[in-house]
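Asks: Okay, here's the structure, questions in a sec.
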Amino acid sequence: MSDLRDDLRTEAEALDAADELGAKRKEFVLDETVYLDGNSLGALPANVPGRLAEVMTHEWGKLRIRSWDESGWWTAPERIGDRIAPLVGAAPGQIVVGDSTSVNVFKALVAAVRIARDPDSPDSTAAPGNPSEGRDEIVVDATTFPTDGYIAESAARLTGCRLVPVAPGDVPGVLGDRTAAVLLNHADYRTGRLHDLPGLTAAIHAAGALAVWDLCHTAGALPVGLDEHGVDLAVGCTYKYLNGGPGAPAYLYVRESLQSRFDSPLPGWNSHAEPFGMRPEFEAADGALRGRVGTPDILSMLALEASLDAWDGVSIDAVRAKSLALTDFFLRCVEAYVPAGRVESLTPAAHAERGSQVALRCEDAGDVMRRLVEQGVVGDFRAPDVLRFGFTPLYVSFGDAERAARVLARTLA
């Protein structure tokens with residue numbers, strides 16, 4: 001065993017030496033801990049504290065209200081959206097940042113139903129003058145993160161739709177001329193299984209419905225290709241692989257060709273065509289700005305903007321290549337080190353079906369994760385029996401992966 005461990009440590013050192021993203025690690029605030037929980041909360045980029053200090057002491061402390069114009073606070077939601085756009089394969093002008101993922105799921109899903117029911121829509125089955133007829137079903141990922149399911153159920157009640165929960169792989173079989181919208185997660189939050197965004201989006205469109213994707217567990221970890229694959233609407237958080245900080249604002253993507261028909265269920269003064277006109281009648285702004293609602297959360301939004309500096313010069317394809325190499329290497333180390341039969345990998349072996357985390361089933365997973373954290377290896381636990389390890393390619397090393405597997409083996413021995 002010691003020879004095998006020496007071999008894997010030597011291999012880790014060689015992989016780290018050749019890592020084109022290796023220099024990015026120094027742009028984050030890290031210590032001796034092996035941090036494999038970036039799929040829940042990304043590490044702190046080193047430039048963020050200084051930027052926030054500047055915002056508070058100068059922009060808020062001295063300029064005060066002038067900063068809405070002079071410091072660009074007012075345009076932050078769309079400006080930061082344009083910085084996120086390349087990371088999810090979107091052209092500028094289609095992403096607005098603000099609110100939480102849950103709020104954006106609600107906006108996207110209700111708006112998708114309204115678009116699908118629009119009698120002027122080319123795919124609508126609604127009778128002219130009677131948009132309530134026709135599409136009356138919302139399909140939702142039955143394996144989704146609970147909040148998405150709660151929001152989908154509420155959206156269904158609000159729009160008078162029937163909710164159809166189904167596993168992502170079974171979606172094509174339930175689609176039909178009554179389907180209005182489909183809400184899916186790009187990756188399963190428990191297992192890291194990557195779902196077929198291009199294929200499922202095409203199937204949804206073939207049925208005349210709209211595709212809404214939740215990118216929380218993929219944005220910043222792998223190519224998404226929103227524009228390339230014709231996704232209609234998408235949402236995502238920014239505090240995982242994008243490292244925006246705890247509670248950082250989420251984002252909403254609205255495909256350019258749908259923006260003129262995007263009818264938000266949460267119109268606010270920030271999404272008005274003349275926000276300072278203070279008119280009682282609502283008139284939607286042009287473009288993705290329709291996705292705004294109220295006053296932006298400036299402190300967390302500007303912290304997110306600063307955190308995105310870590311992506312300067314980074315190719316998302318290089319991130320994906322390292323993600324797969326890291327998870328492959330970690331799984332090899334687990335197989336080599338951990339006693340046989342002690343854990344079972346829930347993570348797909350096929351790269352096309354794998355996100356950027358490894359999930360291991362372990363009967364005493366909660367206690368095992370507690371002991372791992374005590375030994376300086378931080379992942380997380382999902383009831384009842386899943387150990388999750390998230391691999392953020394910008395700062396996780398191959399040495400981290402080898403050490404985590406070694407400590408896991410010692411803990412389980």
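The values are calculated or read from the model by the stated rules, or taken from the named source; none is laboratory data. Since the structure is predicted, the reported quantities are computational estimates derived from the model, not experimental observations. Don't worry about glycine lacking a Cβ; one is built from the backbone with ideal geometry, like all the others, and counts go over all protein chains shown.
Asks: How do the pairs read when you match residues in the stretch 354-371 that are surrounded by 24 or more Cβ atoms within 10 Å (Cβ to Cβ) with residues anywhere that are in a helix (DSSP H, G or I) and among the aromatic types (Phe, Trp, Tyr), using Cβ under 9 Å and keeping only pairs 6 or more apart or on different chains?
Replies: Note: pairs meeting the criteria are Val358/Phe330.
Asks: Could you give me the residue pairs with C-beta distances under 6 Å whose first residue belongs to the stretch 247-258 and is more than 18 Å from Glu305 (Cβ to Cβ), whose second residue is outside any loop (DSSP other than H, G, I, E, B) and among the aliphatic types (A, V, I, L, M) wherever it lies, and which are 6+ apart or on separate chains?
Replies: Val254/Leu233; Val254/Ala288
Asks: Okay, next question. Right, Pro296: within 30 Å of Arg64 (Cβ to Cβ) and assigned to a loop (DSSP other than H, G, I, E, B) or not?
Replies: Yes: the conditions hold for Pro296.
Asks: Right, next: Test of understanding: among Asp7, Asp37, Asp19, which residue is of a type in the set (Asp, Glu), within 29 Å of Val373 (Cβ to Cβ) and within 24 Å of the chain's Cα centre (by Cα)?
Replies: Selected residue: Asp37, the only one of Asp7, Asp37, Asp19 that is of a type in the set (Asp, Glu), within 29 Å of Val373 (Cβ to Cβ) and within 24 Å of the chain's Cα centre (by Cα).
Asks: Can you tell me which residue among Ala108, Ala126 is hydrophobic (A, V, I, L, M, F, W, C) and at pLDDT below 95?
Replies: Step by step, each of Ala108, Ala126 is checked, and only Ala126 is hydrophobic (A, V, I, L, M, F, W, C) and at pLDDT below 95.
Asks: State the number of residues belonging to the stretch 383-413 that are over 26 Å from the mean Cα position of the chain (by Cα) and of a type in the set (D, E, K, R).
Replies: Residues flagged as over 26 Å from the mean Cα position of the chain (by Cα) and of a type in the set (D, E, K, R) within the stretch 383-413 amount to 4.
Asks: Here's something else I'd like to know. Do the conditions hold for Phe381, that is, is it buried (at least 19 other Cβ atoms within 10 Å of the Cβ) and either modelled with pLDDT under 95 or not assigned by TED's automatic domain parsing to the domain that holds Asp214 (or both)?
Replies: No.
Asks: Return yes or no: is Trp68 assigned to a helix (DSSP H, G or I), among the aromatic types (Phe, Trp, Tyr), buried (at least 16 other Cβ atoms within 10 Å of the Cβ) and in the same structural domain as Thr218 (by TED's automatic domain parsing)?
Replies: Here the answer is yes, as Trp68 does meet what is asked.
Asks: Right, something else. Would you confirm whether or not the stretch 284-301 contains a residue that is outside the structural domain of Arg83 (by TED's automatic domain parsing) and either at pLDDT below 95 or acidic (Asp, Glu) (or both)?
Replies: No, the stretch 284-301 contains no residue that is outside the structural domain of Arg83 (by TED's automatic domain parsing) and either at pLDDT below 95 or acidic (Asp, Glu) (or both).
Asks: May I ask you to verify whether Ala340 is at pLDDT 95 or above and aliphatic (A, V, I, L, M)?
Replies: No; evaluated as a whole, the condition is false for this residue.
Asks: Anything in the stretch 40-59 that is surrounded by 14 or more Cβ atoms within 10 Å (Cβ to Cβ) and either free of Cβ contacts under 8 Å to residues at least 12 places away in the same chain or farther than 24 Å from Val358 by Cα (or both)? List them, or say none.
Replies: The answer is Ala46, Asn47, Val48, Arg51, Leu52, Glu54, Val55, Glu59.
Asks: To continue, here is another question. Of these, Gly173, Gly192, which one is in contact (Cβ under 8 Å) with a residue 60 or more places away in the chain and either within 27 Å of Pro348 (Cα to Cα) or surrounded by 22 or more Cβ atoms within 10 Å (Cβ to Cβ) (or both)?
Replies: It is Gly192.
Asks: Another question about this same structure. Which of the residues belonging to the stretch 1-39 are buried (at least 16 other Cβ atoms within 10 Å of the Cβ) and either at pLDDT below 95 or part of a loop (DSSP other than H, G, I, E, B) (or both)?
Replies: Those that are buried (at least 16 other Cβ atoms within 10 Å of the Cβ) and either at pLDDT below 95 or part of a loop (DSSP other than H, G, I, E, B) (or both): Arg5, Asp19, Leu21, Leu30, Leu36, Gly38, Asn39.
Asks: Another one. Does at least one position in the stretch 346-364 carry a residue that is among the hydroxyl-bearing types (Ser, Thr, Tyr) and more than 30 Å from Ala108 (Cβ to Cβ)?
Replies: The answer is no; no qualifying residue exists.
Asks: Further question on the same structure: Could you go through the stretch 8-27 and let me know if any residue there is of a type in the set (Ser, Thr, Tyr) and assigned by TED's automatic domain parsing to the domain that holds Leu387.
Replies: Yes, some residue in the stretch 8-27 is of a type in the set (Ser, Thr, Tyr) and assigned by TED's automatic domain parsing to the domain that holds Leu387.
Asks: Taking the conditions exactly as written (surrounded by fewer than 23 Cβ atoms within 10 Å (Cβ to Cβ) and under 26 Å from Ala325 (Cβ atoms)), does Pro223 satisfy them or not?
Replies: Yes; evaluated as a whole, the condition is true for this residue.
Asks: Here's another thing I want to ask about it. Could you tell me whether Thr191 is out of contact with any Cys (no Cβ under 6 Å at 6 or more places or on another chain), closer than 30 Å to Lys24 by Cα, of a type in the set (Val, Ile, Thr) and modelled with pLDDT of 95 or more?
Replies: yes
Asks: For the stretch 91-105, what are the residues that are surrounded by fewer than 24 Cβ atoms within 10 Å (Cβ to Cβ), closer than 14 Å to Ala234 by Cβ and not hydroxyl-bearing (Ser, Thr, Tyr)?
Replies: Residue satisfying the conditions is Ala91 alone.
Asks: Another question, then. Assess whether Leu302 counts as being of a type in the set (A, V, I, L, M, F, W, C), within 22 Å of Asp16 (Cβ to Cβ) and surrounded by 15 or more Cβ atoms within 10 Å (Cβ to Cβ).
Replies: Here the answer is no, as Leu302 does not meet what is asked.
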